[in-house]
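Q: What follows is a structure written as structure tokens; I'll ask about it next.
The values are calculated or read from the model by the stated rules, or taken from the named source; none is laboratory data. Everything quoted here is computed from the prediction, not taken from an experiment. Glycine gets a Cβ as well: all are built from the backbone with ideal geometry, and neighbour counts include every protein chain shown. For accessibility, only protein heavy atoms count, side chains too; no ligands or nucleic acids. Shrake-Rupley method; radii C 1.70, N 1.55, O 1.52, S 1.80 Å.
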Amino acid sequence: MPALPTFITIGAMKCGTTSLHDYLSRHPSFSMSQPKELDFFVGRCSSNSMEWYCSHFDASKQFRGESSQNYTKAHSPLYAGAAERVASVLPNCKLIYLVRDPIARYQSHKLETLYGETRRDIAWAKENNHYVKTGLYYYQLSHYLNYFSLEQVMVVDLADLKDRRLDTMNAIFRFLGASELDNPGVFDFQSNSFAEKVAPRFIRENIAYRVANRIAPKLTASVFSSDRVRRTLMPNSRPTPLTEGEKDRLSSIFEPDVNKLRKLLGRDFSDWAV
């Protein structure tokens, strides 16, 4: 019998959704979609059938989930309206929203686009303030609160997932109604780390790189992992510290939204720079 998800991780981008998806899959009562991001309620995949969507979940499992971080990009024309569409199909599902220090997320997002986006996409992101707006957590969450109660939503700080992994995972399991696990070794890994990034998209699409990677993929990866090569060909491909002026500018932009989130949740997020 076809089965729909019982919960969705709705984002945010660059806040640990890949790791969380993989951690959840370690629970014996869970079926997590493969691929992780189905994007059924937004963008290019929204025209797929309900049968297609259900085919990604094991009906024999009590808890079923997917993790599409594009569901919290309400400012983007491609992804707007996700909350309403999710509610129309899954009004009783639970939602997990991962967040982190918005300035750190901003930096990670900018770096990520170098590896995964076209130059045209990067230009659009800069012109439309995409890196900032994706990290306006209250603004993004407010779209869901038009259709879901706050009791259906769990906001998880990435710092807790990193520093108190077992406790945080068990809190998530309790929220979803699942049994807790007592073996911290089950979650002793991190997915989608920066070390896995080798060459940006504009280089991967270069014919010389494609030929070299086809002939000697390990050698190509080794060459492009070299700091000397990266400094020469990709001077912006490593994280760079923000200036104090940049930090102050971003802090002033994020602060009103962060304060609304703090008030909504009754949490201080004291480790954040905002």
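Q: Ordering R120, R249, R214 by accessible area with a probe of 1.4 Å, largest first, what comes out?
A: R120, R214, R249
Q: Sequence-distant or interchain residues sharing an amide H contact under 5 Å with W272, placed H: which?
A: none
Q: Under a 5 Å amide H to amide H cut-off, with H placed in plane at 1.01 Å, what residues pair with K94 once short-range neighbours are removed?
A: Answer set, sorted by chain and number: F7, I8.
Q: So for the pair A123, A212, with labels modelled 7 Å out along Cα→Cβ, what separation do we get in nm?
A: Result for the modelled spin labels: 2.7 nm.
Q: Leaving ligands and nucleic acids out of the surface, order R164, R100 by accessible area at 1.4 Å, largest first.
A: R164, R100
Q: Using a 1.4 angstrom probe, figure out how much accessible area segment 1-82 has per residue, in square angstrom, rounded to the nearest whole.
A: 38
Q: Hey, another quick one. Take K260, K36 and sort them by solvent-accessible surface of the protein heavy atoms, 1.4 Å probe, largest at the top.
A: From most accessible down to least: K260, K36.
Q: Moving to a separate point now. In debye to the nearest 20, how big a dipole does segment 52-166 give about its Cα centre with +1 on each Lys and Arg Cβ and -1 on each Asp and Glu Cβ?
A: Dipole about the Cα centre, nearest 20: 160 debye.
Q: In whole Å, what is the distance between the alpha-carbon centres of segment 60-88 and segment 158-173?
A: 22
Q: For a quick protection proxy, order the peptides 251-257, 81-87 by their average other-Cβ count within 10 Å, most packed first.
A: Ranking, from highest mean packing down: 81-87, 251-257.
Q: Output ³J(HN,Hα) for segment 60-74: one whole-Hz value per residue in order, computed from phi by the Karplus curve 6.51 cos²θ - 1.76 cosθ + 1.60 with θ = phi - 60°, and x for Gly and Pro.
A: Going residue by residue, I get 7, 8, 5, 10, 9, x, 9, 9, 10, 5, 6, 6, 10, 9, 5 Hz, with x marking Gly and Pro.
Q: So if we plug the beta-carbon distance of N183 and N92 into 1/(1 + (r/R0)^6) with R0 = 45 Å, what FRET efficiency do we get, rounded to 0.05?
A: Values: r = 31 Å, r/R0 = 0.68.
Calculated value: 0.90.
Q: Scan around S31 for amide H atoms under 5 Å from its own, H built in the peptide plane at 1.01 Å from N, and keep only partners 5 or more places away or cross-chain.
A: For S31, the qualifying residues are F63, R64, G65.
Q: How much accessible surface does C54 have with a 1.4 Å probe, in Å² rounded to 10?
A: 20
Q: Say R0 is 51 Å: what FRET efficiency, to the nearest 0.05, do R249 and E84 get from their beta-carbon distance?
A: After rounding, the FRET efficiency stands at 0.95.
Q: While we're here: So what does M50 come to for accessible area, using a 1.4 Å probe and Å² rounded to 10?
A: 70
Q: Going by Cα centres, segment 27-49 and segment 108-153 are how many Å apart?
A: So the separation of the two Cα centres works out to 19 Å.
Q: Now, a different point. Based on Cα positions only, what radius of gyration and what Dmax would you give for segment 93-142, in angstroms?
A: Computed over the Cα atoms of segment 93-142, radius of gyration and Dmax are 12.2, 37 Å.
Q: If you count only protein heavy atoms and use a 1.4 Å probe, how large is the accessible surface of R174, to the nearest 10 Å²?
A: Its heavy atoms expose roughly 130 Å² to the probe.
Q: Moving on to the next point. Give a residue-ordered list of calculated ³J(HN,Hα) values for segment 91-98 (Karplus: 6.51 cos²θ - 1.76 cosθ + 1.60, θ = phi - 60°; whole Hz; x for Gly, Pro).
A: x, 9, 6, 9, 10, 10, 10, 8
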